[in-house]
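Shown next, in structure tokens, is the structure this report addresses.
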């Protein structure tokens, strides 16, 4: 891993009209090329943290933010989303709010055009990302004719056409069916492996998350309360359960075995469970 791509120090945030702070003294660091998953129950502050990292709160969404936030070398609380242009991409839960043009080509071209790039460079970027993501046959289709999973792929592709350094994902599969979810999850895994992007994701699909995440940060009541590798976090049985995070299925099985008196280490992946039960 390289230098820090995201640094958050003593971050407090709340929305206009909210009497209570939504984020309470968050401290977090994400290294370049690292994939961090934010986990925790609904209302714990995951989406709000992503809005701050994206420069939307308080620049677009009215609110109060205090502390220090650096993303891709930009002082976000000073420059907001405008300072992050071309450096940070955001993919939301619902692709309908992000896919707005009449063709996939236009959708992929929009961000590079907004960066003021020459037409030749815009076209090159569109064709490059379409080829990488298998969207070449979709370029002149209306996005509204696509499935939910395909629309989300287009949304991700449109962000990648900017060639950002940091990718923020806010529950990108929450509104998709099983097939759409598989398409998007496979793509994100590919991005981590091949593009070396720094990725910060709020995601509830824990079995997938532990397969690809470098680190997990568990949030509760607006603060980061647990942090570490998936194995480090989910081996802390009582704390994971205390903060309302569902552990991977294999970890839950291991928790029960430990309670029954079997002194085994806690696996987070199926392959690790096979090693534990096999004595490996």
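In table form, for the structure just shown:
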| quantity | calculated |
| --- | --- |
| Residues satisfying the stated conditions in segment 19-37, i.e. over 16 Å from the mean Cα position of the chain (by Cα), surrounded by fewer than 20 Cβ atoms within 10 Å (Cβ to Cβ) and assigned to a strand (DSSP E or B) | 24, 25, 27 |
| Strands (runs of 3 or more DSSP E) wholly inside segment 174-280 containing at least 1 residues that are touching a residue at least 60 places away in the same chain (Cβ under 8 Å), out of contact with any strand residue (DSSP E or B) (no Cβ under 6 Å at 6 or more places or on another chain) and farther than 26 Å from residue 132 by Cβ | 215-220 |
| Residues of segment 97-114 satisfying the condition of being at pLDDT below 95, part of a helix (DSSP H, G or I) and out of contact with any helix residue (DSSP H, G or I) (no Cβ under 7 Å at 6 or more places or on another chain) | 97, 114 |
| Which numbered condition residue 68 fails, given (1) outside any helix (DSSP H, G or I); (2) closer than 30 Å to residue 183 by Cβ | (2) |
| Subset tally (residues that are touching a helix residue (DSSP H, G or I) at 6+ places or on another chain (Cβ under 9 Å) and more than 19 Å from residue 81 (Cβ to Cβ)) for segment 35-59 | 5 |
| Sole exception among (1) over 20 Å from residue 163 (Cα atoms); (2) surrounded by 20 or more Cβ atoms within 10 Å (Cβ to Cβ); (3) at pLDDT 95 or above for residue 40, by number | (3) |
| Condition check for residue 25: in contact with a strand residue (DSSP E or B) (Cβ under 7 Å, 6 or more places away or on another chain), under 14 Å from residue 201 (Cα atoms) and at pLDDT 95 or above | no |
| Qualifying position, being within 23 Å of the chain's Cα centre (by Cα), in a helix (DSSP H, G or I) and buried (at least 17 other Cβ atoms within 10 Å of the Cβ), among 122, 159 | 159 |
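The values are calculated or read from the model by the stated rules, or taken from the named source; none is laboratory data. This one's a predicted model, so the numbers in the text were calculated from it and none came from an experiment. Note: ideal-geometry Cβ built from the backbone for every residue, glycine included; neighbour counts use all protein chains shown.
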